[in-house]
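Below is one structure, written out as structure tokens, with a few remarks after it.
The values are calculated or read from the model by the stated rules, or taken from the named source; none is laboratory data. Note that the coordinates shown come from a computational prediction; the quantities given were computed from them, not determined experimentally. All Cβ positions, even for glycine, are placed from backbone atoms using ideal geometry, and neighbour counts span all protein chains on display. Heads up: the accessible areas ignore ligands, DNA and RNA and are worked out on the full protein's heavy atoms, side chains in. Shrake-Rupley method; radii C 1.70, N 1.55, O 1.52, S 1.80 Å.
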Amino acid sequence: MLEIIKNNEERIALEPIAQRHVKPMASLAGNPKILDRMLFKPQPFTVNDAQEFVERAQNSNPLELLSYAIVDRLTREFLGVTSISVKPNHVIPSFGYWLGEQHWNKGLASETVGVVVRDVLPEFRFAILRAGCEIDNHASQRVLEKNGFKPQETGSLNIGDQKSIDIKWYQ
């Protein structure tokens with residue numbers, strides 16, 4: 001795994017998920033507005049959930065899951081998470097990200113996706129990534145499109161408890 005991905009042009013950097021991210025992750029991801037937009041999430045999201053995520057990220061095979069903390073490049077403040085997962089039955093890796101609500105509408109999501117496409121994709125030799133967002137999440141759709149992702153299809157995603165959400169998929 002790359003140790004730290006940063007470029008002096010961006011306000012963010014990506015760094016390996018670590019113990020120091022547990023509490024701020026739980027605090028930011030526990031916000032119902034964040035949980036409502038995450039495709040896969042426990043509700044509520046607790047410190048224990050954050051600890052389990054960190055442990056899974058640290059112990060995962062990088063060919064199956066790559067997770068990075070999104071941090072402020074200068075202060076190292078935790079801002080969110082980005083992950084790429086490669087499911088055994090899928091050919092194309094799936095990509096996702098989230099930022100704490102106080103970091104929305106500042107261009108940080110676009111910077112994060114740009115860093116992943118520019119720096120992570122070539123490092124791990126992924127030729128293509130797939131990303132999905134809820135059909136009514138126009139902000140994430142714009143972020144993906146600004147970074148070269150093209151809409152592919154829409155469909156329902158089963159999220160458990162007999163519930164599903166409508167997703168727009170991009171590559």
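Using every pair of alpha-carbon atoms in the range 61-171, split the distances into 10 Å bins beginning at 0 and state the percent of pairs per bin, rounded to integers. Pair shares across the bins are 13, 44, 35, 7, 0. Residues in the range 39-171 average 56 Å² of solvent-accessible surface per residue, probe 1.4 Å, ligands and nucleic acids excluded. Using the Cβ of ASN147 as centre and a radius below 13 Å, the other residues enclosed give a net charge of 0, where K and R count +1 and D and E count -1.
With the convex hull of its Cα atoms as the shape, the range 1-144 has an orientation-averaged projected area of 8.3 nm². Among the trypsin sites (Lys or Arg not before Pro) in the range 67-171, those placed in a DSSP loop whose Cβ has at most 11 other Cβ atoms within 10 Å are ARG125. Dividing the summed helix terms, -39500 (n - 2.57) for each DSSP H run of n ≥ 4, by the number of residues in the chain produces a 222 nm estimate of -7000 deg cm²/dmol to the nearest 500. Charged side chains reduced to their Cβ positions (Lys and Arg at +1, Asp and Glu at -1) give the range 37-120 a dipole of some 180 debye around its Cα centre.
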